[in-house]
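Shown next, in structure tokens, is the structure this report addresses.
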Amino acid sequence: MSDAAIDRPKKALIMFSGGQDSATCLAWALERYAHVETVGFDYDQRHSVEMQCRDTVLSRFKTDFPKWSNKLGEDHLVDLSALGQISETSLTRDVEIEINETGLPSTFVPGRNLIFLNFAAAIGYRRGAHTLIGGMCEADFSGYPDCRKDTLDAQMRAISLGMDVPFTLETPLMHLSKAGAWAVAHVLGGDALVELILEDTHTCYKGVRDGRFDWGYGCGTCPACDLRAKGWADYSRGL
């Protein structure tokens, strides 16, 4: 066993939305930690179907992957409806997705990841899980400043200081393309995990699940669908 494995904490808490990236990160965490708990955030998001998908994905992780089932612990759900109430965005209102006057996409929910991290850390503090895991990605940056590594590092420093406990954040997809994320999923769980992600995760910003494409379900036109589709095409070409 390597020194890194000996030194690694045994318990982790993953911010789990039910999307492609968080499902891949969950598999990554279960390969590395003895006990993994999950936390989801309901902020009245327009694509609330992801809250249903996350239950399905968690259930399938337990039934389809015996090597991980005993490691998967309690799921926590946090009501952040207040965030939806104060956010005038395309993820919290039925409005067109566009680039606004600030140069950011209208799908940007101000403060979302920063708030998620604070609530996750509060749960982690209580549960003794001081390692947080998230699917934030800088390489496929969609205009979200709260996905940048320097933003996340600053927030984690504040959390560690404010709770007087050294918290760490793992972001295994930070520097990967979407094609790279598909490849990681295959390495971790083979065809079975790739099939689970295709069939049961949700990424579409509009919450559409009545259209099945090669890369999964979605509207096929929003930025999230476009990114996932291009990633799948790039990944498929490399098979």
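The values are calculated or read from the model by the stated rules, or taken from the named source; none is laboratory data. Source: prediction; values computed, not measured. Using ideal geometry, Cβ is built from the backbone for each residue, glycine included, and neighbour counts are taken over all protein chains shown.
Listing for the model above:
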read-out	value
Hits in the stretch 126-179 - residues which are farther than 27 Å from residue 73 by Cα, surrounded by fewer than 17 Cβ atoms within 10 Å (Cβ to Cβ) and of a type in the set (Asp, Glu)	150
Filter result (among the small types (Gly, Ala, Ser), in contact (Cβ under 8 Å) with a residue 60 or more places away in the chain and closer than 19 Å to residue 42 by Cβ) within the stretch 112-161	120, 124, 134, 135
The stretch 125-183, residues that are in a helix (DSSP H, G or I), at pLDDT 95 or above and in contact with a Cys (Cβ under 8 Å, 6 or more places away or on another chain)	181
Subset of the stretch 39-59 (residues that are among the polar types (S, T, N, Q) and within 16 Å of residue 80 (Cα to Cα))	45, 48
Residue 229 more than 21 Å from residue 28 (Cα to Cα), small (Gly, Ala, Ser), at pLDDT 90 or above and crowded, with 16+ Cβ neighbours inside 10 Å	yes
Test for residue 156: is it over 14 Å from the mean Cα position of the chain (by Cα), under 23 Å from residue 11 (Cα atoms) and not aromatic (Phe, Trp, Tyr)	yes
Boolean, residue 203 is surrounded by fewer than 20 Cβ atoms within 10 Å (Cβ to Cβ) and either of a type outside the set (A, V, I, L, M) or in a loop (DSSP other than H, G, I, E, B) (or both)	no
Cβ-Cβ under 8 Å pairs, at least 6 apart or on other chains, the stretch 181-204 side closer than 17 Å to residue 137 by Cα, far side of a type in the set (Gly, Ala, Ser) and in a helix (DSSP H, G or I)	181/231; 182/231; 185/23; 185/27; 203/224; 204/224
